[in-house]
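**Q** The structure under discussion is supplied below as structure tokens; questions concerning it will follow.
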Amino acid sequence: MSGDKLTRMANQIASFFRSYPEDRAVAGIRDHIVAYWTPTMRRRLLAAVDDPALDPWVGRALLGFSAASSPTEKEIAGPEQLGQMESDAG
């Protein structure tokens, strides 16, 4: 996938989050890209971080990639990662 297409896709994600407060939008952009883009796509987008066509909020979201974990990890984790959950089911 070309850098231009990745930039366009990332900018579309930023457009979705445009109505959010900036800090929540940047976090949402980062979470979406980390959760749904392949590592190769993320690397190519990082390589295009200086592209003037890239939305500034996407650029800020890219700053958090090195420490970012997938926001879906908790949903797919089992009891060995989360611990036993208490149930109120009788």
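**Q** When the chain is fully extended, how far beyond the present Cα-Cα distance does Val49 get from Asp23, taking 0.36 nm per residue of separation?
**A** 7.5 nm
**Q** Which value in nm describes the separation of the simple spin-label points at Thr38 and Asp4, placed 7 Å from the Cα toward the beta carbon?
**A** That separation, rounded to one decimal, is 2.1 nm.
**Q** Indicate the gyration tensor shape class of the stretch 3-69 (rounded, prolate or oblate), computed on the Cα atoms with a ≥ b ≥ c the square roots of the eigenvalues: a/c under 1.5 is rounded; otherwise a/b larger than b/c is prolate and the rest oblate.
**A** Since a/c reaches 1.5 but b/c is at least a/b, the shape of the stretch 3-69 is classed as oblate.
Quick note: the coordinates plus some simple rules give every number you see, no bench work behind them. Bear in mind the structure is a predicted one, so any value in this text is a computation, not a measurement. Methodologically, a virtual Cβ is constructed for each residue, glycine included, from the backbone with ideal geometry; neighbour enumeration extends over all protein chains shown.
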